[in-house]
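Below is one structure; the comments refer to it alone.
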Amino acid sequence: HPPIDSVALNVNESRIGTPSRGGFGGLCRDHEGQFLFGFYDFLGEASVLHTEILALLHDLRLCWDKGF
């Protein structure tokens, strides 16, 4: 669990096919491990690095917008 007054953000990306199509999803939990929200998105054609960076950026924006 994260420290009190913190949240844990877990993300995972996935790609399939040639050319690769990517997507990502994850969840956010509070310091007690309670589920706060989940998310997913489809990116279309993307490299592994591109998918990972966009997933992280998207998910950090969600946390920011929700006041975390």
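In the chain, if the dipole is taken from +1 on Lys/Arg beta carbons and -1 on Asp/Glu beta carbons about the Cα centre, which of Gly38, Thr51, Val7 is farthest to the positive end? The listed residue farthest towards the positive side: Thr51.
Here the accessible area of the chain is 57 percent carbon and sulfur, with a 1.4 angstrom probe and all protein chains present.
In the context of the full set of protein chains, residues of the chain present 71 Å² of accessible surface per residue (probe radius 1.4 Å, heavy atoms only). Among the trypsin sites (Lys or Arg not before Pro) in the chain, those placed in a DSSP loop whose Cβ has at most 12 other Cβ atoms within 10 Å are Lys66.
Under 14 Å from the Cβ of Asn10, count the other residues' Cβ atoms, weight Lys and Arg +1, Asp and Glu -1, and hand me the total. Around Asn10, the surrounding residues sum to -3. Across the alpha-carbon atoms of the chain, the computed radius of gyration and Dmax are 13.3, 44 angstrom. When all protein chains stay in place and ligands, DNA and RNA are ignored, the 1.4 Å accessible-area order of Ser20, Ser47, largest first, is Ser47, Ser20. For GluC sites (Glu not before Pro), the sites in the chain that DSSP calls loop and that have at most 12 other Cβ atoms within 10 Å are Glu32.
Per the helix-only calculation at 222 nm, which mean residue ellipticity applies to the chain, given -39500 (n - 2.57) for every DSSP H run of n ≥ 4 and division by its residues, nearest 500 deg cm²/dmol? That calculation yields -9000 deg cm²/dmol at 222 nm.
The values are calculated or read from the model by the stated rules, or taken from the named source; none is laboratory data. In this text, all values refer to a predicted model and were calculated from it rather than measured experimentally. Using ideal geometry, Cβ is built from the backbone for each residue, glycine included, and neighbour counts are taken over all protein chains shown. When the accessible area is computed, the model is the full protein with side chains, heavy atoms only, and any ligands, DNA or RNA have been set aside. Shrake-Rupley method; radii C 1.70, N 1.55, O 1.52, S 1.80 Å.
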